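Report on the following structure.
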Amino acid sequence: MYLEHFGLRELPFGLTPDTSFFFACSSYQEALNTLLVAARNGEGFIKIVGEVGNGKTLLCRKFIATLNHGEGAATNAIGTQDATAAGRGTAKFVTAYIPNPYLEPRSLLLALADELRVRLDPDVDQHQLLKGLTLALLNFAREGKRVLLCLDEAQAMPLESLEVLRLLSNLETEKRKLMQVVLFGQPELDERLKQNSVRQLRQRISFQYALRGLRKNELDRYLRHRLSVAGYRGETLFRRGAVAALQRVTHGTPRLVNIIAHKAMLLAYGEGRQQVLARHVRGAAADTPEARRDWAAWGWGIAVLAAALAAIGWMLLQ
């Protein structure tokens, strides 16, 4: 595509949550440090809420990757000392990750058992499931390991499954819980947790954080960071006007930034330019339904993007 044109090894603005591209903006770093402190303090339930496209899955993967490696300790609202201690803690974690928790209670418990490599008969009833998981959690505790379950898209969880998790998290030694649970979800998760039937779980959420998008003064550094990771070694690729336009049409939502930045680079490549201009961003936004568009640029953007893609296709065939 445009990799050789801009001197890149890989696409800088892909949508796959790749931790090598993790950018520690203020919101991401505060959320990561909150997770590390809460996990190492042995808290039962932790909640991270963020709008669609704000990078919850990437944060979740970075958190899991960081837990046992002593990374990511930085200053945030919790405080430098606590965050640094969290980063260099010696606890060993056994992590389980369930990306789609839209599961009834028994299926959720089976998914957890599978993540923890607990061998159980697939036809076992829920009582035996809970018993088998309890024994596994006790064994991990005897080995000095902590079990931490991360649930992505938690706003989709049935209330009955949330209640089963609460019951399982009740298990504890004299010192700490046998399992910690981190809920990553959209703002709808807060609405679900207001239900009276899960009020006991709601009271047990000891740490929580609302993930925000990129601030105005962070967007340029975000673009430079991702380009650098992808191998870019040139001068400024996104002109100042392009960065300002990108902020206007995305409001700093990382997923939208990636989508529109990628399309804007396609437009610049199609014109043979080495820099992305504001008009390339506006044209890319015109082709992106979720972006805040300058409607006057709509027709122009669609036409230019179509022409650029056609030109790129022609070049690839040569």
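So what's the gap between the Cα centers of segment 107-180 and segment 32-68, to the nearest angstrom? Spelled out, the Cα-based centre of one part sits 18 Å from the other. Between Glu235 and Ile205, residue separation times 0.36 nm minus the direct Cα-Cα distance comes to 6.2 nm. Counting 0.36 nm for each residue step from Gln195 to Glu290 and taking away their Cα separation leaves a gain of 31.1 nm.
Within segment 112-143, the trypsin sites (Lys or Arg not before Pro) that combine a DSSP coil assignment with at most 10 other C-beta atoms in a 10 angstrom radius are Arg117, Arg119. Its residue count N fixes a reference of 2.2 N^0.38 Å for segment 26-211, and the Cα radius of gyration divided by that reference is 0.98.
Among rounded, prolate and oblate, which fits segment 115-172 when a ≥ b ≥ c are the square roots of the eigenvalues of its C-alpha gyration tensor, a/c under 1.5 means rounded, and a/b larger than b/c means prolate? Cα axes put segment 115-172 in the oblate bin. Please list log₁₀ I(q)/I(0) at q = 0.22, 0.23, 0.24 Å⁻¹ for segment 123-215, using the Debye equation with identical point scatterers on the alpha-carbon positions. With one equal scatterer per Cα and no solvent, log10 I(q)/I(0) is -1.21, -1.27, -1.32.
Taking the Cβ-Cβ separation of Glu143 and Ala65 as r and a Förster radius of 25 Å, what is the calculated FRET efficiency to the nearest 0.05?
Details: r = 21 Å, r/R0 = 0.86.
So the FRET efficiency works out to roughly 0.70.
Here's how it looks for Glu172: its modeled amide H is under 5 Å from those of Leu178, which are all 5 or more places away or on a different chain. Only lysines eight or more places from Lys194 in sequence, or on another chain, were considered; those with a Cα closer than 20 Å are Lys47.
Inter-label distance, Glu172 to Lys216: 4.6 nm, where each label sits 7 Å from its Cα along the C-beta direction. Looking at segment 26-211, the DSSP beta bridges with both ends there are about 5 percent antiparallel.
Bear in mind that the values in this text are calculations on the coordinates, not laboratory data. In this text, all values refer to a predicted model and were calculated from it rather than measured experimentally. Cβ: placed from backbone, ideal geometry, glycine included. Neighbour counts: every protein chain shown.
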